[in-house]
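The structure appears right after this line, and notes come after that.
The values are calculated or read from the model by the stated rules, or taken from the named source; none is laboratory data. All of these numbers come straight from a predicted model, not from anything done at the bench. Neighbour counts run over all protein chains shown; Cβ positions are idealised from the backbone, glycine included.
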Amino acid sequence: MRKLVYYVGTSIDGYIAGPEGEWDFYPVGADLAEYMNTQFPEVVPAHVREAIGLEADPIRYDTLVMGRGTYEPALAVGIASPYSPLRQYVVSSTLGAVDHPDVEVYSGDPVDLVRRLKGEDGRDIYLAGGGRLAAALLPEIDEMIVKLYPVVAGTGIPMYSGGFRPTAFTLTGSRTFDNGTVVLNYART
C-alpha cells in the first residue's frame, strides 16, 4: 500500500514558514541541496529544477497533496504545475479550477482523498503542507521526513496547526549536514 509522507522543512521552534509565508530564511548548504536533488528530486519545484538543470526522474513519489497556501505562491507567478511531473492535488474549498492536466483542486475531505489515493497503485504520496492540512491528515501520515533547520523563526506557520492530538512516531534515521541542518526520518509508531 502507498504511504503518505510529510516531507517538510521547519525551524527549531516548529515553523514551516514565516507569518507571510516566507521560507527564504532557511539555510540550504551545498551538501543538503545535493542530498535533496539526488534522493528526492521530485520535491524540488519544477521551476527550480529547470533553473539548475536537474533532469532526474521521480524516485519516491508520483503524487503530491498540498494546501492552497502552499500552492498559491507558484500560481501567483504563473506556474500552474509547480511539481511537474507529479500528479498534484490542491486541497481548497475556495480556489477555482486550475487549467493544467497535472493539477486538480479538491474541495472535499482531505482524509477521504488520501485514503482513495493510498488504495491506488503507484509510488508514495508526498504531503507538501501546510500546517492545517498536515493536522487534518495526521491520522493518515505514515512517515515524516523533517528537515530541521538551525534557525528560530519566532512566529509563523506551524508544522501542524490543529487541535491537541498526541500521535507517536519512531525515529528511523537522521543525517546532519554541514550547516547544522538535520534531516530526521520518522515512521508512525
Of the residues that sit in the range 87-110 and are touching a helix residue (DSSP H, G or I) at 6+ places or on another chain (Cβ under 6 Å) and hydrophobic (A, V, I, L, M, F, W, C), which one is farthest from ILE59 (Cα to Cα)? LEU95
Of the residues in the range 130-149, those that are of a type outside the set (A, V, I, L, M), surrounded by fewer than 22 Cβ atoms within 10 Å (Cβ to Cβ) and closer than 21 Å to ARG60 by Cβ come to GLU140, ASP142, GLU143, LYS147
Filtered residues of the range 8-21 (kept if assigned to a loop (DSSP other than H, G, I, E, B), under 15 Å from the mean Cα position of the chain (by Cα) and either among the polar types (S, T, N, Q) or more than 13 Å from VAL146 (Cβ to Cβ) (or both)): SER11, GLY21
From the list LEU127, LEU184, pick out the single residue that is out of contact with any Asp or Glu (no Cβ under 8 Å at 6 or more places or on another chain), crowded, with 20+ Cβ neighbours inside 10 Å and part of a strand (DSSP E or B). LEU127
All but one of (1) exposed (fewer than 12 other Cβ atoms within 10 Å of the Cβ); (2) over 30 Å from LEU95 (Cα atoms); (3) touching a residue at least 24 places away in the same chain (Cβ under 8 Å); (4) among the small types (Gly, Ala, Ser) hold for ALA168, so report the exception by its number. (3)
Just checking, does the range 46-64 include any residue being at pLDDT 95 or above and within 20 Å of ALA17 (Cα to Cα)? yes
Residue list for the range 65-105, filter: in a helix (DSSP H, G or I), in contact (Cβ under 8 Å) with a residue 60 or more places away in the chain and either surrounded by fewer than 20 Cβ atoms within 10 Å (Cβ to Cβ) or of a type in the set (A, V, I, L, M) (or both): GLY69
Selected residue (criterion: nearest to the chain's Cα centre (by Cα)) from residues of the range 53-100 that are of a type in the set (S, T, N, Q) and under 22 Å from ASN37 (Cβ atoms): THR70
